[in-house]
Amino acid sequence: MKRSSGIFLHPTSLTSPFGIGDIGSAAYEWITTLKQAGQTFWQVCPLGPTGYGDSPYQCLSSFAGNTLLISPVKLMESGLISREDISCYKALPGDRVDYQAVFVEKEKLFRKAYSRFTNSNEFLSFCEKEKYWLDDYALYRVIKDKNHGVSWNEWNSEFKLRYPAALDSVQQFSDKEIRYHKFLQFVFHDQWAQLKAYANSSGISIIGDLPIYVALDSADTWALPDYFEFDENCNPTKVAGVPPDYFSATGQLWGNPIYKWDSMRVDRYSWWISRIKKTLQLVDVIRLDHFRGFESFWSIPSDRSDAIVGEWQAGPGIDFFNQVRQSLGNLPIIAEDLGNITPQVIGLRLAAGIPGMKVLQFAFDGDPTNWHLPYNIVPDNIVYTGTHDNDTTLGWFMHLEEKDKKTVLDYLGCSEENMVENFIRMAYASPANLCITPMQDVLELDSAHRMNTPGTKNGNWQWRFTKNMLSQEFHKIEMLADFSRIYGRAPVEPEESVA
């Protein structure tokens with residue numbers, strides 16, 4: 001990977017008049033902004049339909065798209081809704097996402113669009129091409145709606161355990177609703193494909209997250225329960241998380257079901273390979289979340305209320321990556337190798353030939369050997385000022401003790417007033433081939449603008465930036481362009497051919 005840089009901003013954080021960022025005009029303007037800032041990459045969270053806690057890391061499917069990102073304006077341009085339909089959309093906050101309100105308002109538009117939609121060759125082709133996941137997903141969504149949204153493992157046995165007669169009945173009597181969910185996925189995929197093509201043609205590649213685990217309440221677990229640690233009633237016996245760490249004294253209890261890696265190994269990880277292949281249709285580079293879980297993972301009894309009690313169990317190891325490479329070739333993957341990292345985890349990453357991550361907010365603990373310190377970072381790394389799970393850099397700095405603030409300022413050689421700018425400069429100047437900066441850091445925002453606080457349930461994933469933020473701080477975009485040029489990260493413009 002050549003020296004380059006990018007910005008992290010999930011599409012939900014983009015500006016729009018619909019209460020949530022979408023993949024309409026603001027997303028195209030964002031691509032232009034990235035180009036103006038001398039960037040090469042746009043990093044996003046997982047793009048799936050969110051479930052529990054509105055978290056993109058708790059999706060209802062590993063394959064489906066988040067239909068709340070569908071642009072109503074683009075629906076209007078395609079003739080499926082009218083300007084009058086849009087004018088009836090309720091005014092929603094512009095600086096945060098109220099997911100429930102957005103769902104209610106967008107559902108009204110989606111239903112109108114669906115009522116005017118007729119089958120096309122493109123739609124039928126999409127349904128056929130994607131049926132390996134789309135059929136189960138649409139059926140799952142319909143049954144979930146009939147059960148008032150409760151998790152599938154609480155459904156009646158005939159649906160929970162997928163009795164053929166029960167599923168056939170739903171397919172027969174709810175065919176219009178099944179088609180509705182397929183229609184929404186068709187629209188999302190079409191709009192996203194257009195945006196991705198525009199980004200790529202503008203010299204911007206998209207980095208997307210692939211969570212190691214899937215949500216308990218998902219089409220994945222419902223369709224393939226034998227791949228997960230479930231009892232005979234399809235309730236999880238062990239769940240995922242991490243032991244006490246930097247983020248939480250009681251660990252992080254994620255609650256995702258644990259894989260039966262032995263079962264997955266039998267069919268050469270076919271589900272995983274399909275999942276990776278599908279993700280690479282949506283993005284150009286995968287950030288493989290919680291990489292250390294492929295070496296060993298923290299397994300927590302499902303009856304625990306925190307993650308303190310658990311045990312490390314062996315992951316699939318290098319066999320997994322060998323099988324993926326054998327099926328798909330060498331892939332553009334970044335390892336999210338943060339947390340409790342052992343020599344074995346490092347060895348697995350190196351054996352798999354995957355670059356890792358370094359986070360500058362983790363660098364200043366007083367240990368000169370800390371591998372997040374810029375002078376310890378090697379080119380085969382991606383450096384971040386912070387991630388979506390960190391506080392903003394300004395918020396992080398303001399919460400440091402005075403002696404630790406002094407350590408940071410001494411390292412940067414600056415005052416508090418321009419600390420964030422110099423912190424970003426430090427990332428750009430580092431040896432890491434790729435540098436990623438969250439948009440909140442570009443705008444020098446405080447803790448009130450944090451994207452996610454691990455271990456908490458409320459207020460996460462809601463942050464949005466507003467047009468006035470960028471217009472008032474456009475010099476920050478110019479600053480990034482300067483840093484990109486100064487530190488050898490600027491995109492190389494193709495030379496014009498001479499006739």
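Read the figures in this text as sums done on the coordinates, not as results from a lab. Everything numeric here is computed off the predicted structure, so don't read it as measured data. Cβ atoms come from the backbone with ideal geometry, glycine included; neighbour counts cover every protein chain shown.
In what sequence do Glu401, Glu154 fall when counting other Cβ within 10 Å, fewest first?
Glu401, Glu154
Assuming R0 = 41 Å, can you tell me the calculated FRET efficiency for the pair Asp303 and Ile86, based on Cβ-Cβ distance, to the nearest 0.05?
0.25
How much length would be gained if the chain were fully extended between Val266 and Asn340, taking 0.36 nm per residue of separation minus their Cα-Cα distance, in nm to one decimal?
Contour length minus the Cα-Cα distance gives 23.8 nm.
Can you compute the helix-only [θ] at 222 nm over the chain? Use -39500 (n - 2.57) per DSSP H run of at least 4 residues, normalise by all residues, nearest 500 deg cm²/dmol.
-12000 deg cm²/dmol
Using a cut-off of 24 Å between alpha-carbon atoms, which lysines can reach Lys260, once sequence neighbours fewer than 8 places away in the same chain are excluded?
Lys160, Lys238, Lys277, Lys278
What is the gain in length, in nm to one decimal, between Ser202 and Asp245 on full extension, counting 0.36 nm per residue of separation less the C-alpha to C-alpha distance?
So the extension gain works out to 11.5 nm.
Any idea how far apart Arg111 and Met1 come out in nm if each label point goes 7 Å out from Cα toward Cβ?
It works out to 4.5 nm between the two label points.
About its Cα centre, how strong a charge dipole does the chain have in debye, to the nearest 20, once Lys and Arg get +1 and Asp and Glu get -1 at the Cβ?
Approximately 1040 debye in magnitude.
Say the dipole of the chain comes from +1 at the beta carbon of Lys and Arg and -1 at that of Asp and Glu; which of Ser125, Ala427, Phe110 then lies farthest toward its positive end?
Ser125
Using only the alpha-carbon atoms of region 4-486 as identical scatterers, what base-10 log of I(q)/I(0) does the Debye formula give at q = 0.10 Å⁻¹?
-0.78
Give the calculated FRET efficiency between Asp98 and Asp175 to the nearest 0.05, with a Förster radius of 25 Å applied to their Cβ-Cβ distance.
FRET efficiency, Asp98 to Asp175: 0.15.
Kindly work out what percent of the DSSP beta bridges joining two residues of the chain are antiparallel, to the nearest 5.
The antiparallel fraction comes to roughly 40 percent.
With the Cα gyration tensor of region 1-116 giving a ≥ b ≥ c as the square roots of its eigenvalues, does the rule (a/c under 1.5 for rounded; else a/b larger than b/c for prolate; else oblate) give rounded, prolate or oblate?
Judged from the Cα gyration tensor, region 1-116 comes out prolate (a/c at least 1.5, a/b above b/c).
Please work out whether region 416-499 counts as rounded, prolate or oblate from its C-alpha gyration tensor, where a ≥ b ≥ c are the square roots of the eigenvalues and a/c under 1.5 means rounded, while otherwise a/b larger than b/c means prolate and anything else oblate?
Prolate.
Order these peptides, 45-55, 447-457, by their mean beta-carbon neighbour count within 10 angstrom, highest first.
Ranking the peptides 45-55, 447-457 by packing returns 45-55, 447-457.
From the Cα gyration tensor of region 47-103, with a ≥ b ≥ c the square roots of its eigenvalues, which class applies: rounded if a/c is under 1.5, or else prolate if a/b is larger than b/c, or else oblate?
oblate
Assuming R0 = 60 Å, can you tell me the calculated FRET efficiency for the pair Lys406 and Asp231, based on Cβ-Cβ distance, to the nearest 0.05?
Rounded to the nearest 0.05, the efficiency is 0.65.
With unit charges on the beta carbons (Lys and Arg positive, Asp and Glu negative) and the dipole taken about the Cα centre of region 4-486, which residue among Tyr411, Pro49, Met439 sits farthest to the positive side?
Pro49
Work from the charge dipole of region 4-486 (Cβ charges, +1 for Lys and Arg, -1 for Asp and Glu, about the Cα centre) and give the residue of Leu394, Leu350, Leu34 farthest towards its positive end.
Going by the Cα projections, it comes out as Leu34.
Averaging sequence separations of C-alpha pairs under 8 Å and six or more residues apart, then dividing by the length of the chain, give the relative contact order as a whole percent.
Relative contact order for the chain comes out at 20 percent.
Which order, highest average first, do 35-44, 317-326 follow once you tally other Cβ atoms within 10 Å for each residue and take the mean per peptide?
35-44, 317-326
Rank by packing, highest mean first: peptides 135-147, 288-300, with packing defined as the count of other Cβ atoms within 10 Å averaged across residues.
Final packing ranking: 288-300, 135-147.
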